[in-house]
Amino acid sequence: MLTRKFAVTLAGLVLGLLTIASVRAENLTLRFALITAETFPYMDGARKFKELVEARSNGEIKVLIFPGGQLGNEREINEAILEGSIQIGVGAGAMANLAPIYNIVQVPFLIQGQKHMAEIADGPIGQKLGQMIEKQGGFRVLAWFSTGDSPLETVKKPVRKPEDLVGVKMRVIETPVLVDAMRALGANPTPMPYTEVYTGMKQGVIEGAHLDVLSVDTLKIYEIAKYMTDWDQITFVSEPRPVIMSAKFFNSLSAAQQKFIRDAMLEAAVHERKVFADKMGAIREKLVAQGVTITKVDSKAFVDKVQPVWQKYAEKLNAQDLLKDIMALRK
């Protein structure tokens, strides 16, 4: 009798565990990894995505957000997305080593400001670029975040013309096009992860960088680099940043899950860009108050120096049409 009762109880427990496992199997947890600080607008976009996708999926999809490089630098996050331990990240320079076509929007002085960036990201260029990133790198582009406008920041002296960069050790994102562009300007390009820039600058490993204006504040770069070029006059880079997921993982999801994720991320990107724009509107006064000198530059001289790099990568990537279309949107 006891044996029979025990068997029935055990069967019930097993059935209960199988039911729980089945319910859990229907749930989905997404790890969203960022290299930027919690105060950076990427986090606002990630939070909005979490809010929307969890609500619309009735809790079926959960999002865990890891800012500040907790899960690695950009290259490590990209590799983990493809491997499967991270589901979402924001692509930048390191991704261009896996999807070379992304180099075309990182050529310096090509994309000018947030309006130009948005027209690229939200139109046929962004659609084509996303398709090519997936084909080359295996990443599905869910949406495009803003990374603001990036001027040049230097420690020892202001930059007004290309000659002012000769021999200067400038940190660059880990991507070939930026290395080549810095060399074309006469600088000494030094690839370095985003999270190491402050320490590298403080120790003298680098003497400058091309960080976006908000990172100059969030990373406290203003404590060391007291000179910046005027990003309202001309920006070094203003590329759209792809929010990425493994295409293989995305394609393994149900149609409903894909729609929840895709729709929520598109709305999150709109929110992230607005936050970025609002913060950029107030950052100039804040940086000046922190002792930063913002200088005008000889824009034509800089563009003339890097235009051969534009052409080199357009030909190398078979992206002459993309370059032409991006230039056509310049105002």
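The values are calculated or read from the model by the stated rules, or taken from the named source; none is laboratory data. Quick caveat, the model's predicted, so the values are computed rather than measured. Methodologically, a virtual Cβ is constructed for each residue, glycine included, from the backbone with ideal geometry; neighbour enumeration extends over all protein chains shown.
Against the conditions (1) closer than 27 Å to residue 323 by Cβ; (2) out of contact with any helix residue (DSSP H, G or I) (no Cβ under 6 Å at 6 or more places or on another chain); (3) modelled with pLDDT under 95; (4) not aromatic (Phe, Trp, Tyr), residue 193 satisfies every one except (1). Here residue 182 clears all of (1) modelled with pLDDT of 95 or more; (2) touching a Lys or Arg at 6+ places or on another chain (Cβ under 9 Å); (3) under 16 Å from residue 106 (Cα atoms) except the condition numbered (2). Residue check: residue 254 meets all listed conditions (1) without any contact (Cβ under 8 Å) to a residue 60 or more places away in the chain; (2) more than 20 Å from residue 141 (Cα to Cα) but one, namely (2). With respect to the conditions (1) buried (at least 24 other Cβ atoms within 10 Å of the Cβ); (2) in contact with a strand residue (DSSP E or B) (Cβ under 8 Å, 6 or more places away or on another chain), residue 148 falls short on a single one, namely (2). In the range 221-249, what residues are over 15 Å from residue 151 (Cα atoms) and under 19 Å from the mean Cα position of the chain (by Cα)? Within the range 221-249, 240, 241, 242, 243, 244, 245, 246, 247 meet the criteria.
Among the residues of the range 274-330, those identified as touching a helix residue (DSSP H, G or I) at 6+ places or on another chain (Cβ under 7 Å), under 19 Å from residue 114 (Cα atoms) and assigned to a helix (DSSP H, G or I) are 275, 276, 277, 279, 280, 283, 322, 323, 325, 326.
One residue alone among 239, 196, 174 is part of a loop (DSSP other than H, G, I, E, B) and over 25 Å from residue 300 (Cβ atoms), and that residue is 174. All of 38, 119, 79 fail the test of being over 27 Å from residue 279 (Cα atoms) and not hydrophobic (A, V, I, L, M, F, W, C), apart from 79.
Counting the residues of the range 207-244 that are closer than 18 Å to residue 174 by Cβ, in contact with a Gly (Cβ under 7 Å, 6 or more places away or on another chain) and of a type outside the set (Val, Ile, Thr) gives 3. Restricting attention to the range 256-266, the residues that are surrounded by 18 or more Cβ atoms within 10 Å (Cβ to Cβ) and under 17 Å from residue 146 (Cα atoms) add up to 2. Assessment of the range 51-69 against the conditions (surrounded by 24 or more Cβ atoms within 10 Å (Cβ to Cβ) and either outside the structural domain of residue 308 (by TED's automatic domain parsing) or assigned to a loop (DSSP other than H, G, I, E, B) (or both)) yields at least one matching residue.
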